[in-house]
Structure formats: structure tokens, C-alpha cells
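The values are calculated or read from the model by the stated rules, or taken from the named source; none is laboratory data. Worth saying up front: this structure is predicted, and the values here are computed from it rather than measured. Counting neighbours? That spans all protein chains shown, and the Cβs are built from the backbone with ideal geometry, glycine included.
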Amino acid sequence: MHCEIKEKSRVGTINPIFTCQPAGAQFASIGIKDCTGLVHGGQGCVMFVRLLFSQHFKESFEIASSSLHEDGAVFGACHRVEEGVDVLLMRYPHIKVIPIITTCSTEIIGDDIDGVVKKLNSGLLKEKFPDREVHLIPVHTPSFVNSMIGGYDIAVRDFVKYFATKGEPNGKLNVLTGWVNPGDVKAIKHLLKEMEIDATVLFEIESFDSPLMPDGSAISHGSTTIDDLRSTANAVGTIALNRYEGTKAAEWLKQEFDLPTVIGPTPIGIRNTDIFLKNLKQLTGKPIPEPLVKERGRAIDALTDLTHMFLAEKKVAIYGAPDLVIGLAEFCIDLEMKPVLLLLGDDNPFYKDDPRLQAMKEHVDWDMEVVTNADFWELEDRIKNKGLKLDLILGHSKGRFVSIDYNVPMLRVGFPTYDRAGMYRYPVVGYEGATWLAEQMANTLFTDMEHKKNREWILNMW
């Protein structure tokens with residue numbers, strides 16, 4: 001009985017869990033107000049990412065493409081970036097920030113994006129748009145390494161590094177949310193408000209749950225402003241909710257401006273939310289108020305109603321973004337469940353040293369696998385060929401066919417989720433998120449009991 005952390009043994013990938021680095025950079029960019037990312041690559045590098053965002057949030061997003069073609073791949077395509085910036089600024093007078101996001105093709109052919117930015121700053125912007133505030137930010141995200149998680153982390157660092165400007169202390173706390181849903185941002189802001197903490201929340205995506213207004217405006221955009229990004233250098237400290245989604249920016253702020261910094265843990269479940277609040281208290285000196293103590297108590301009461309009777313001993317497989325997967329696994333363990341398979345879908349070599357996974361290695365008393373650089377075949381192979389028995393799968397919609405084909409109940413968690421309605425509105429973080437997760441896991445199991453006509457007597461024993 002042990003927990004084993006290992007890399008996928010196969011060289012190829014069969015049905016990947018993640019998409020590529022540029023997608024992560026694009027997600028970070030849509031969290032900034034008056035910002036439209038320009039992706040330097042083929043049209044599909046934008047089209048399919050926008051499709052994922054739109055499927056998940058059921059909203060429209062503005063992302064531009066340099067629309068690289070065969071001639072550009074042979075002769076270079078820097079001129080496409082110049083043309084793209086010109087068109088964006090002419091067509092959209094509100095745009096102030098244009099991150100130029102590279103892709104596998106443009107990194108391989110060696111287009112000098114940093115040089116193009118210097119050329120545009122000294123040429124086009126001064127000559128044609130002298131009265132416009134425009135910020136061109138090169139973001140290097142080659143698709144052939146890492147994943148959308150790494151791309152997000154790189155982009156967040158590059159945005160903060162570009163804008164952060166030392167000035168007078170602002171008394172605010174920097175909160176780097178990572179790749180989360182609008183419901184998660186709302187839950188985090190609720191905790192901050194209850195503790196009376198003034199915070200700069202980066203990158204602000206609560207508004208992705210967009211209203212349809214009488215004037216017909218239905219374009220989603222982030223709420224993080226240029227001033228917010230500039231002021232990050234003057235905060236009382238920085239807290240990054242996720243180790244792999246925002247840490248680069250947090251560590252840069254610490255190194256450059258000597259800001260107190262806390263990395264994680266992701267506030268999923270009671271235990272990690274408690275730690276998050278203690279970290280907030282430590283960074284700001286603010287006490288944890290009685291309403292949050294009561295909120296915690298209500299969450300524990302809800303979990304107590306479910307854990308021993310319905311959730312204990314259930315075997316779970318979890319896949320998706322690393323901080324989400326590890327946070328969900330810790331929560332499941334606290335609920336007496338047994339995560340038996342964790343799938344982390346990229347080649348980050350530091351996963352094996354993650355202290356949360358090391359703690360699982362030391363303490364779990366059942367067979368548990370953590371597979372890095374994993375794909376969905378790792379999940380299917382264990383069910384189909386290796387006899388893995390599961391009670392529940394936790395993960396995003398792209399793994400639904402494993403659930404369907406092998407008749408294992410599945411709760412959709414993470415990005416992208418497009419075959420269930422409104423999931424982005426519900427948090428998985430905080431005490432509210434702990435309650436929602438536990439109840440949804442229980443409801444998923446209850447529905448499976450009805451579907452299979454299995455152990456329904458448990459539901460009638462009251």
C-alpha cells in the first residue's frame with residue numbers, strides 16, 4: 001500500500017488532458033480590461049481556443065490572430081504582427097494593451113517578436129497613434145513544451161513584470177487567483193470582504209459571467225486595469241492561490257520589490273481554506289471574523305451529513321490542472337474518500353517534488369498513482385485492462401467518454417466544462433465551495449445508484 005509518483009511511460013499522447021501554452025496566455029489576457037491578445041500563429045491557434053472559452057463560459061471573447069500561412073512559415077512573418085497591431089488599433093479605439101503571444105510555428109521559425117515590439121514602439125505608434133496609450137507586450141509561449149498551465153503562469157508574470165511600478169504603499173494585498181471560474185473569484189472576494197481586506201485581485205474574471213444588457217452589449221472582458229497591474233509593486237504582500245498558476249509573478253514581485261509572499265495552498269476544502277484565512281491574517285494583521293467561523297461551521301455540518309454514510313471509502317480518479325487535482329485529492333482524503341489515480345497532464349518536472357504530493361506519499365495507506373505528463377489513455381487503460389475499480393471520476397468535460405464507455409459516474413470540475421450548464425458559476429474554493437463539491441459528489445453517486453438500481457436502500461434508510 002503506497003502512493004507512487006511517476007511519469008507516463010509511453011512517448012506518444014492519446015487524447016491529451018490539456019491544450020497548449022498559448023491558450024493559457026490567452027486566458028490571462030482576457031482578464032485585463034482594454035486588452036486584446038494578438039496570437040502570432042495560425043488561425044487555428046485562436047479559433048480553437050476561443051471555441052473552448054466560449055463553450056465553457058457561454059460567452060464571446062475577442063482574441064486576434066496574425067493568421068500565419070505557408071509563406072510566413074518559410075520566409076518569416078513579422079510583418080503580420082505589424083499589420084495585426086495596426087488593424088487592432090484602428091478598429092478598436094479602446095484597446096490599450098496588446099500582448100503578442102507566440103506559438104510553436106513562430107518560435108520554431110525564429111520570428112523576433114521582441115524586435116518587432118521595439119520597431120512598432122519607435123515607428124507605428126509614434127507616427128500613426130501618437131496620442132494613444134498602447135502597451136505591446138511580447139509573451140513567449142511555444143506550444144511544444146509545457147501546457148496551457150505553464151502558458152498562463154508565464155503570461156501573468158510578463159504582464160506584472162511589464163507594468164509593476166514602485167510608488168507609495170497602497171495598503172492592498174495582491175491576490176493571484178490562477179485559472180479559476182467566476183464563481184471562485186466571487187467566493188474569494190467574499191472571504192476578503194468579510195476580513196475587511198482591500199485587495200487587488202489578478203486576473204479579474206468575475207465579469208465573465210456577463211449580463212445581457214438592453215443596449216445589446218454582451219462582450220465579456222476582464223476587470224483588472226492597467227493601474228491595478230502598476231500598483232502590484234506597492235502592495236503589503238502577495239498571495240498566490242496556486243503553485244503552478246501565478247507563482248512566477250509572485251516570486252518576481254518578491255525578488256524585485258521585497259514583498260512578503262505566500263504560495264498556496266489552493267483553498268479547496270475546509271483544511272486548505274483554513275490555511276488560506278490564516279495566511280491572510282498573517283499578511284494583513286486582520287482577524288478572522290465571527291461570520292466566517294459560522295460559515296465554516298455550516299460547511300462542516302453539511303460535510304458531516306454526507307461523509308461517513310455516503311462518501312467514505314469511495315475510490316476516485318481525478319484529472320486536470322495540477323493545483324485543482326491536488327486540492328481535490330486533499331479534500332477527498334479529508335472526506336475519508338480514496339483518490340487512487342491522479343493525472344497531471346503536462347511535462348512539468350517539479351510535480352514530483354510538490355510537498356502536497358510528498359505528504360500523500362508519506363500518509364496514504366492504499367495504492368495510489370500520480371501520473372505526470374498523462375493523457376486520457378492512462379485512465380482508460382487502467383479501467384479497461386488493469387482492473388481499476390472506480391466509484392467516481394472528477395475532471396473536465398473532455399474525459400466524459402471514459403465515464404460513458406465504462407459506466408463510471410463523473411462530476412464535472414475544471415476547464416473546459418461544456419456538457420453541463422452553468423458550472424462556472426459555482427465555486428470549488430472556500431467553505432462555500434467545499435459544501436458545493438461534497439454535495440455534488442454525493443448527488444452524482446445518488447444518481448448513479450438510481451441509474452444502476454444499486455444500493456438504493458441506502459437512500460431510504462432514514
field: Hits in region 397-430 - residues which are surrounded by fewer than 20 Cβ atoms within 10 Å (Cβ to Cβ) and charged (D, E, K, R)
entry: Arg400, Asp405, Asp419, Arg420, Arg425
- line: Of the listed residues (Phe61, Phe53, Phe75, Phe27), the one being of a type in the set (Phe, Trp, Tyr), over 26 Å from Lys398 (Cβ atoms) and not assigned by TED's automatic domain parsing to the domain that holds Gly422 is Phe75
- request: Would you mind telling me which numbered condition in (1) touching a Gly at 6+ places or on another chain (Cβ under 6 Å); (2) modelled with pLDDT under 95 Pro265 fails?
  value: (1)
- line: Matching residues in region 1-51 (crowded, with 24+ Cβ neighbours inside 10 Å and within 21 Å of Val340 (Cα to Cα)) number 2
field: Considering residues of region 119-169 that are of a type in the set (Ser, Thr, Tyr) and either crowded, with 21+ Cβ neighbours inside 10 Å or assigned by TED's automatic domain parsing to the domain that holds Tyr92 (or both) only, the residue nearest to Asp258 (Cα to Cα)
entry: Tyr152
statement: Taking region 310-337 and keeping residues crowded, with 21+ Cβ neighbours inside 10 Å and either in the same structural domain as Arg243 (by TED's automatic domain parsing) or in contact with a strand residue (DSSP E or B) (Cβ under 6 Å, 6 or more places away or on another chain) (or both) leaves Val316, Ala317, Ile318, Tyr319, Gly320, Pro322, Val325, Leu328, Ala329, Cys332, Met337
- prompt: Is region 242-251 home to any residue that is within 30 Å of Leu357 (Cα to Cα), crowded, with 21+ Cβ neighbours inside 10 Å, over 23 Å from the mean Cα position of the chain (by Cα) and modelled with pLDDT of 95 or more?
  reply: no
Number of the exception - Ala329 against (1) touching a residue at least 60 places away in the same chain (Cβ under 8 Å); (2) among the small types (Gly, Ala, Ser); (3) touching a helix residue (DSSP H, G or I) at 6+ places or on another chain (Cβ under 9 Å): (1)
- request: Restrict the check to region 151-162 and report whether at least one residue is more than 18 Å from the chain's Cα centre (by Cα) and either part of a strand (DSSP E or B) or not hydrophobic (A, V, I, L, M, F, W, C) (or both).
  value: yes
query: When you go through Asp347, Asp381, Asp353 one by one, which is the residue that is charged (D, E, K, R) and in contact (Cβ under 8 Å) with a residue 40 or more places away in the chain?
result: Asp347
message: So in region 225-246, with the set limited to residues that are out of contact with any His (no Cβ under 9 Å at 6 or more places or on another chain) and among the β-branched types (Val, Ile, Thr), which one is nearest to Val429 (Cα to Cα)?
response: Ile239
- prompt: Is it true that Thr284 is assigned by TED's automatic domain parsing to the domain that holds Val371, β-branched (Val, Ile, Thr), at negative phi and over 20 Å from the mean Cα position of the chain (by Cα)?
  reply: no
